[in-house]
1. Identify, by number, the condition in (1) in contact (Cβ under 8 Å) with a residue 24 or more places away in the chain; (2) surrounded by fewer than 13 Cβ atoms within 10 Å (Cβ to Cβ) that residue 107 doesn't meet.
2. Look through segment 1-20, keep the residues that are more than 18 Å from the chain's Cα centre (by Cα) and touching a residue at least 24 places away in the same chain (Cβ under 8 Å), and return whichever of them is nearest to residue 172 (Cα to Cα).
3. Name the residues in segment 1-20 that are surrounded by fewer than 18 Cβ atoms within 10 Å (Cβ to Cβ), in a helix (DSSP H, G or I) and out of contact with any helix residue (DSSP H, G or I) (no Cβ under 8 Å at 6 or more places or on another chain), would you?
4. Return yes when residue 167 is over 14 Å from the mean Cα position of the chain (by Cα), over 19 Å from residue 67 (Cβ atoms) and not in a helix (DSSP H, G or I) and no when it is not.
5. Among the residues of segment 50-70, are any over 21 Å from residue 177 (Cα atoms) and part of a loop (DSSP other than H, G, I, E, B)?
6. Tell me which residues, restricted to segment 21-49, are over 12 Å from the mean Cα position of the chain (by Cα), over 18 Å from residue 169 (Cβ atoms) and assigned to a loop (DSSP other than H, G, I, E, B).
């Protein structure tokens with residue numbers, strides 16, 4: 001079976017994790033966002049915001065984890081695997097921060113392709129911050145633009161997920177994916 005890898009991406013606070021949780025609840029195979037795990041681990045090591053203090057190290061850890069998720073997804077026996085963010089999110093966030101970075105980040109985007117990309121626009125009504133999300137809503141808008149740019153440069157046609165309840169958004173994604 002050829003597993004289809006489906007990325008759900010978007011700026012911070014756009015509802016990605018809620019949709020991934022809903023898809024998981026419905027029995028789909030989903031891989032969670034790994035940046036929170038990296039942030040929490042770095043805090044245990046005494047670094048409050050690794051992305052802000054050492055963005056390249058943080059991004060290398062993300063890349064390692066997302067490449068593994070991509071590989072694990074392809075080895076799945078399931079028809080679809082959903083991923084909370086993809087490899088192109090990494091250079092998009094570094095572009096947002098204004099950092100220069102080694103070519104291997106963009107090369108990884110070319111070397112590890114996904115079958116479909118769903119993008120969630122920033123949504124003021126549901127946006128919140130927490131201890132791992134330091135961006136404000138204006139920054140979320142900027143990140144969204146960087147994500148659009150990076151995924152488009154990587155050759156993807158992006159599918160916008162309309163605003164609505166978590167269930168309606170999950171239904172939309174499932175309907176589109178099943179039609180692929």
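Bear in mind that the values in this text are calculations on the coordinates, not laboratory data. In this text, all values refer to a predicted model and were calculated from it rather than measured experimentally. As a convention, Cβ positions derive from the backbone with ideal geometry for all residues, glycine included, and neighbour counts pool all protein chains shown.
1. Failing condition for residue 107: (1).
2. Applying the filter and picking the extreme gives 3.
3. Matches in segment 1-20: 17 only.
4. In short, no.
5. yes
6. Within segment 21-49, 45, 46, 47, 48, 49 qualify.
Conditions (1) more than 18 Å from residue 5 (Cβ to Cβ); (2) in contact with a helix residue (DSSP H, G or I) (Cβ under 6 Å, 6 or more places away or on another chain); (3) assigned to a loop (DSSP other than H, G, I, E, B), marked per residue:
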{"residue": "72", "(1), (2), (3)": "no, no, no"}
{"residue": "82", "(1), (2), (3)": "no, yes, no"}
{"residue": "90", "(1), (2), (3)": "no, yes, no"}
{"residue": "93", "(1), (2), (3)": "yes, no, no"}
{"residue": "99", "(1), (2), (3)": "yes, yes, yes"}
{"residue": "105", "(1), (2), (3)": "yes, yes, no"}
{"residue": "114", "(1), (2), (3)": "no, no, yes"}
{"residue": "139", "(1), (2), (3)": "yes, no, no"}
{"residue": "162", "(1), (2), (3)": "yes, no, yes"}
